[in-house]
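Following: one structure in structure tokens, then a few remarks.
The values are calculated or read from the model by the stated rules, or taken from the named source; none is laboratory data. Quick caveat, the model's predicted, so the values are computed rather than measured. Backbone-built Cβ (ideal geometry, glycine too); neighbour counts: all protein chains shown. The area values use the complete protein model at the heavy-atom level, side chains included, leaving out ligands, DNA and RNA. Shrake-Rupley method; radii C 1.70, N 1.55, O 1.52, S 1.80 Å.
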Amino acid sequence: MTPRLILASRSPARTKLLADAGIGHDRLVSDVDEDAVVREQGAVGPEETAMLLARAKAEAVAGLPEAAGGLVIGCDSVFEFGGEVHGKPLDPATATARIRAMRGRSGVLHTGHWLVDTRDPADGGTGFSGGAPASAEVHFAQMSDDEVAAYVATGEPLEVAGSFTIDSLGASFVDRVEGDVHAVIGLSLSTLRTLLRETGVSVPQLWTTHG
């Protein structure tokens, strides 16, 4: 039986990343209140926050009837800049202020991953539940005020951690990335592979095409 991978995320970047890598998957979105999860946990660092939210999302989806028999991967990304944690800015004013502060400087993007094996033992299920972080340092180019305004006006930076992307419009404003590039997009393929191996599943088993 071909293993069923379930992405516990509504992120189009994450599902595209998996699809481009030939990894077949379904998508189920959790109803996790991220702010409530962080408040309940108390003060934690950026990497720990990413892991906390990734686990909450994976476990929430793993508990859904629709996820039964699947391998559920939850992810969450947090941007660390200037000693502060930056999630999604959500409004243009916040995005503008952040991007102006980041231009010509660097920050670290942390992506947490959590995998839950909901398969029955008779079908090879291991009961595994575990995760790992992946991070990368992102160096931003100098940007004019007009460039910042034009980028914010697209709406793209409002719904992504750190107010930037490297796989879409924001790519023009990133000088370089040191570390796992896929982690910056939102899902480290190498980390996913490592976690899948804990369940006895290999990435080739999930490929939808072979060549």
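This table checks each residue for (1) in contact with a helix residue (DSSP H, G or I) (Cβ under 9 Å, 6 or more places away or on another chain); (2) crowded, with 20+ Cβ neighbours inside 10 Å.
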residue	(1), (2)
VAL108	yes, no
SER129	yes, no
ALA132	yes, no
VAL138	yes, yes
MET143	yes, no
PRO157	yes, yes
GLU178	no, no
ILE185	yes, yes
VAL203	yes, no
(request) Output the number of residues of segment 160-176 satisfying the condition of being in a helix (DSSP H, G or I) and surrounded by fewer than 15 Cβ atoms within 10 Å (Cβ to Cβ). (result) 3
(request) Filter segment 72-97 down to residues that are more than 20 Å from the chain's Cα centre (by Cα) and within 19 Å of VAL184 (Cα to Cα) and give me whichever is surrounded by the fewest Cβ atoms within 10 Å (Cβ to Cβ). (result) GLY83
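Residue-by-condition table, conditions (1) in contact (Cβ under 8 Å) with a residue 24 or more places away in the chain; (2) open to solvent by less than 30 Å² (accessible area, probe 1.4 Å); (3) over 19 Å from THR126 (Cα atoms); (4) out of contact with any helix residue (DSSP H, G or I) (no Cβ under 9 Å at 6 or more places or on another chain):
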position	(1), (2), (3), (4)
ALA8	yes, yes, yes, no
ASP31	yes, no, yes, no
ALA43	no, no, yes, yes
LYS57	yes, yes, yes, no
GLY70	yes, yes, no, no
(request) Can you tell me which residue among LEU115, LEU52 is in a strand (DSSP E or B), out of contact with any Cys (no Cβ under 8 Å at 6 or more places or on another chain) and crowded, with 16+ Cβ neighbours inside 10 Å? (result) LEU115
(request) Would you mention how many residues in segment 10-29 are under 18 Å from HIS182 (Cβ atoms), open to solvent by 30 Å² or more (accessible area, probe 1.4 Å) and of a type in the set (Val, Ile, Thr)? (result) 1
